[in-house]
Every structure is written in structure tokens, then in C-alpha cells.
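Notes follow once the structure below has been shown.
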Amino acid sequence: MTQPGPYDPHQQPQQWQPQPYGQQPYPPPGYGYPPPPPPPKRSNTAAILMISTVVFVLVVGGCFAVVLNIGNETAWRETLATPSRGPATSKPTAPPSDAATAPEEQPAGDTSADGPAAIGSPITLQGLDSDVQVDATVTQIFDPATSENDFIKPKAGARWVAVELQLKNIGTAVYTDAPSIGLKLIDAEGQQYSQTFGDVEEGEVFSSITVNSGDTRKGVVLFEVPEGVKLAKLQFALNTGFASETGEWTIS
């Protein structure tokens with residue numbers, strides 16, 4: 001293959017001739033390879049968006065900080081301007097008048113549950129239900145009491161004491177009770193005795209009772225005490241002894 005000579009500007013360019021099949025085409029001598037295409041221009045859209053986002057965040061953040069600062073300063077000023085409040089206190093109430101606290105006068109012969117009564121004096125007692133009120137009276141004491149049964153008697157060295165108890169329902173509700181359980185006998189040494197079982201000639205032994213308003217029941221409660229023991233008092237409470245009020249009678 002012939003090498004091209006030096007370039008002559010007056011020389012006419014040669015026409016390019018097609019090459020036979022199988023050979024690679026070459027441009028005519030003197031022309032060389034075409035220059036590469038220019039690089040694509042870089043877009044500034046991404047940079048503009050980034051700068052706009054940063055500016056927006058700075059502007060919004062600055063406005064929020066200003067609003068927050070103004071709000072905190074306003075709350076701080078309101079706190080300083082508002083007087084502090086102390087703990088809530090209730091106003092003292094006026095003491096009740098003497099007329100309101102004066103105790104009611106009790107009828108003659110009626111003794112409250114606060115102090116002891118004599119045998120034969122009634123004591124008004126209230127049950128667990130406020131509508132249950134009973135006038136209780138120890139009418140008499142049989143000491144010693146006599147057994148009706150020759151086979152059931154006090155044990156050796158002891159005696160029976162029968163206490164007669166009268167109960168009148170002065171409340172508005174029906175009074176139901178087992179009075180023999182609520183009555184206690186106490187001697188001079190402070191020893192307390194509960195009921196015993198037996199039948200005596202002095203009266204009918206109390207059992208469970210149901211008393212309508214205005215009605216009265218009477219019976220005896222039997223106790224067994226040692227011989228020679230001196231009796232001192234009796235105590236009685238309604239509702240088998242569970243009521244809060246207790247009546248007391250002194251045995252002379």
C-alpha cells in the first residue's frame with residue numbers, strides 16, 4: 001500500500017473509491033478521523049433545588065424560633081404578673097349555739113344507757129336498726145332460784161340466780177331477738193356470767209321472741225354462780241348483745 005506524500009494545498013482532493021468486499025473502508029488521505037462530539041452540558045436543576053430547600057428550611061426554622069421565643073416570653077411575663085395561690089383553706093364555722101347543743105330533758109323514771117339504773121327502772125335502748133327501740137327493765141332478781149326439775153339442778157358449790165326482764169317495743173319496726181344471750185351478770189369481783197339452761201319456779205325462761213311495735217314480753221334469764229359470790233350489776237344490749245347501746249342496772 002502506497003504512503004501518502006506531503007500535503008499540497010493546491011492539490012485537488014481525491015475521490016474516495018469503494019474498496020472490494022472484505023476490506024475495511026478507510027477515509028481518503030488527508031482527511032483523518034472525524035472529531036469526537038462535544039460533551040453534554042450539565043444541568044443546574046439539582047443544585048438549584050438543593051439551594052432552595054436549604055433556604056426554605058432556614059427561613060421556616062427562624063420563624064418558628066421567633067414564635068417560640070415570643071410565646072415563652074409571654075408565658076414568663078404572665079407567670080410573673082400572676083400572684084401565687086396558697087393551699088385552699090375552709091372558713092371556720094361558727095360554733096353551735098347553746099340552744100342547739102342543750103340536751104333534751106328525759107321523762108321522769110326513764111334512765112338512758114349512759115349510766116346505771118336501779119332495779120325496776122326502764123332503760124331505752126336502740127338496736128342495730130335505728131327503727132328498733134326497746135324499753136328494757138330488770139323488774140326483779142330471784143337469788144337463789146328454785147329448779148322445777150329434781151334431776152336438773154345447780155352443781156355442787158353453786159346456785160341459780162333468775163333475773164326477770166321486761167321488754168317493750170317502742171320503735172316502729174318489729175323487734176326480734178334472743179334476750180337471754182344479750183344479758184350478762186357481773187359480781188363484785190368483776191367476774192361476768194352468761195346464761196345457763198334449766199327451768200325454775202320463778203318464771204318462764206326467755207327464748208327467742210318477736211315483738212311488734214307497742215307490744216311487751218317478759219321472762220327470766222337463768223345464771224349459775226358460785227355460792228357466797230356477791231352480785232354487783234347487770235348489763236343488757238339488743239340484738240343478742242351486738243347493738244352499740246348497753247343498759248346497766250346496779251344490784252343493791
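Could you go through region 198-206 and let me know if any residue there is assigned to a loop (DSSP other than H, G, I, E, B), over 40 Å from the mean Cα position of the chain (by Cα) and among the aromatic types (Phe, Trp, Tyr).
Yes: one or more hits.
Name the residues in region 182-195 that are surrounded by fewer than 16 Cβ atoms within 10 Å (Cβ to Cβ) and either hydroxyl-bearing (Ser, Thr, Tyr) or farther than 13 Å from Leu231 by Cα (or both), would you?
Answer for region 182-195, where residues must be surrounded by fewer than 16 Cβ atoms within 10 Å (Cβ to Cβ) and either hydroxyl-bearing (Ser, Thr, Tyr) or farther than 13 Å from Leu231 by Cα (or both): just Ser194.
Would you check which residues across region 146-169 are buried (at least 17 other Cβ atoms within 10 Å of the Cβ) and part of a loop (DSSP other than H, G, I, E, B) and list them?
Across region 146-169, the qualifying residue is only Pro154.
Return the residues of region 196-213 that are surrounded by fewer than 10 Cβ atoms within 10 Å (Cβ to Cβ) and at pLDDT 95 or above; say none if nothing qualifies.
Result: Asn212, single match.
Out of all the residues in region 226-240, is one or more in a loop (DSSP other than H, G, I, E, B), at pLDDT 95 or above, open to solvent by less than 10 Å² (accessible area, probe 1.4 Å) and touching a strand residue (DSSP E or B) at 6+ places or on another chain (Cβ under 8 Å)?
The answer is yes; a qualifying residue exists.
Let me confirm something: among Ser130, Ser213, which residue is among the hydroxyl-bearing types (Ser, Thr, Tyr) and out of contact with any Ser or Thr (no Cβ under 9 Å at 6 or more places or on another chain)?
Ser130
The values are calculated or read from the model by the stated rules, or taken from the named source; none is laboratory data. Note that the structure is a prediction, hence the values are computed from the model and not measured. Every residue, glycine among them, receives a Cβ derived from its backbone with ideal geometry; neighbour counts consider all protein chains shown. Please note that ligands, DNA and RNA were not included when accessible areas were found on the heavy atoms of the full protein model with its side chains. Shrake-Rupley method; radii C 1.70, N 1.55, O 1.52, S 1.80 Å.
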